[in-house]
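So the structure is just underneath, and the comments pick up after that.
The values are calculated or read from the model by the stated rules, or taken from the named source; none is laboratory data. In this text the structure is predicted, and so the values were computed from the model without any measurement. Quick reminder, even Gly has a Cβ in these numbers, built from the backbone with ideal geometry, and neighbours come from all protein chains shown.
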């Protein structure tokens, strides 16, 4: 049995190793994207402590862009600033920063992923295959690589298992003997320590790769259906409430929730859409949306954050990219995401040392046979 498992482990590692290492390494790099981006594309100032509120933010943004209308205001970005999107009759959209402490609007937010992270993300998510086989198929390829990684990890754990009585020896790195034993022990110890984190990352990665097909397999719809009536205010001719009043109504009705994003009605009769974070979420983003009558302030519809499909969509990416546990969790995920690269290197060294050993033994056997 052990020989079969070893063969599976070696074959999968040799065939898929480089692809899996590429996927894991790029995933780790994506985790530090905000820090690298802030270094590569500095904003030029730091956010002021305090919060003047959404109404003041909109006032300053409108004063800076008098010919534009506010589309939405987002309050949760990792850079510490409000992000305000404006447009002119639905065109010429622009995204600007706003200081939370002073309300001052300035600059322009990077609206698209810049290099090298645009390529890194596409490599991690689609293996640069979207132009060849389409997004869905490209994502599936990465999903199958994730399944391959799961098999490698499980077979590796089986090969490592020394038994209950000899458990401590499984975590021992051999130093003062041969290079082969040193690399084998190092490969095993780093591998077994990494398995829990890598297995979790692989499982959540597979879920993300097949994000649209999994709900259908288990009998769920891909997302919560929003009634058409929620998108339109009942009093279509009325004057929209000022955003300050909208915020007051939300705070009164949902005092334990955190206001994340407000999308303004762009045409007469449209409703306000307010993103909230309720309870524990996988990221700083919203997990519930309120559709509010723009004129009366009555709630037309509220999505359910506890609905299974909504929990699935909220948590799958947050769990995979470790945005649910703060900087410590992200650092742990980053470090362990780089471990497949280390395991590939030590695995290749082991393979090379064994090949040399076999070649040396063969020569010695041939010499001994000739001497006899």
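Tell me which residues, restricted to region 286-296, are closer than 26 Å to residue 69 by Cβ and surrounded by 17 or more Cβ atoms within 10 Å (Cβ to Cβ).
286, 288, 289, 290, 291, 292, 293, 294, 295
Give the number of residues within region 77-86 that are out of contact with any helix residue (DSSP H, G or I) (no Cβ under 7 Å at 6 or more places or on another chain) and buried (at least 17 other Cβ atoms within 10 Å of the Cβ).
Number satisfying all stated conditions: 3.
Here is a yes/no grid of residues against (1) over 26 Å from the mean Cα position of the chain (by Cα); (2) not in a loop (DSSP other than H, G, I, E, B):
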site: 13; (1), (2): no, yes
site: 20; (1), (2): no, yes
site: 23; (1), (2): no, yes
site: 34; (1), (2): no, yes
site: 67; (1), (2): yes, no
site: 76; (1), (2): no, no
site: 94; (1), (2): no, yes
site: 115; (1), (2): no, no
site: 122; (1), (2): no, yes
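For residues that are in a loop (DSSP other than H, G, I, E, B) and either touching a strand residue (DSSP E or B) at 6+ places or on another chain (Cβ under 8 Å) or surrounded by 19 or more Cβ atoms within 10 Å (Cβ to Cβ) (or both), tally how many sit in region 254-266.
5
As an exercise: evaluate residue 301 against (1) under 28 Å from residue 34 (Cβ atoms); (2) part of a strand (DSSP E or B) and give the number of the one condition it does not meet.
Every condition holds for residue 301 apart from (1).
Condition check: more than 28 Å from residue 25 (Cα to Cα) and surrounded by fewer than 16 Cβ atoms within 10 Å (Cβ to Cβ). Does residue 234 satisfy that?
Yes: the conditions hold for residue 234.
Given the conditions (1) modelled with pLDDT of 90 or more; (2) on the phi < 0 side of the Ramachandran plot; (3) buried (at least 17 other Cβ atoms within 10 Å of the Cβ), which single one is not true for residue 101?
Exception for residue 101: condition (3).
Do we find that residue 319 is at pLDDT 85 or above, outside any loop (DSSP other than H, G, I, E, B), surrounded by 17 or more Cβ atoms within 10 Å (Cβ to Cβ) and not assigned by TED's automatic domain parsing to the domain that holds residue 237 in this structure?
no
Is it the case that residue 337 is under 18 Å from the mean Cα position of the chain (by Cα) and assigned by TED's automatic domain parsing to the domain that holds residue 246?
Judged against the criteria, residue 337 is not a match.
Of the numbered conditions (1) surrounded by fewer than 15 Cβ atoms within 10 Å (Cβ to Cβ); (2) part of a helix (DSSP H, G or I), residue 62 fails exactly one; give the number of that condition.
Condition not satisfied by residue 62: (1).
Tell me, please, whether a residue that is more than 21 Å from residue 209 (Cα to Cα) and touching a residue at least 60 places away in the same chain (Cβ under 8 Å) can be found in region 305-318.
yes
Would you mind listing the helices (runs of 4 or more DSSP H) fully within region 176-253 where at least 1 residues are assigned by TED's automatic domain parsing to the domain that holds residue 143 and within 33 Å of the chain's Cα centre (by Cα)?
179-209, 213-217
Check whether at least one residue in region 328-344 is part of a helix (DSSP H, G or I) and exposed (fewer than 10 other Cβ atoms within 10 Å of the Cβ), and report yes or no.
yes
If we scan region 124-141, do we find a residue that is outside the structural domain of residue 278 (by TED's automatic domain parsing), at pLDDT below 90, in a loop (DSSP other than H, G, I, E, B) and within 19 Å of the chain's Cα centre (by Cα)?
Looking through region 124-141, none of the residues is outside the structural domain of residue 278 (by TED's automatic domain parsing), at pLDDT below 90, in a loop (DSSP other than H, G, I, E, B) and within 19 Å of the chain's Cα centre (by Cα).
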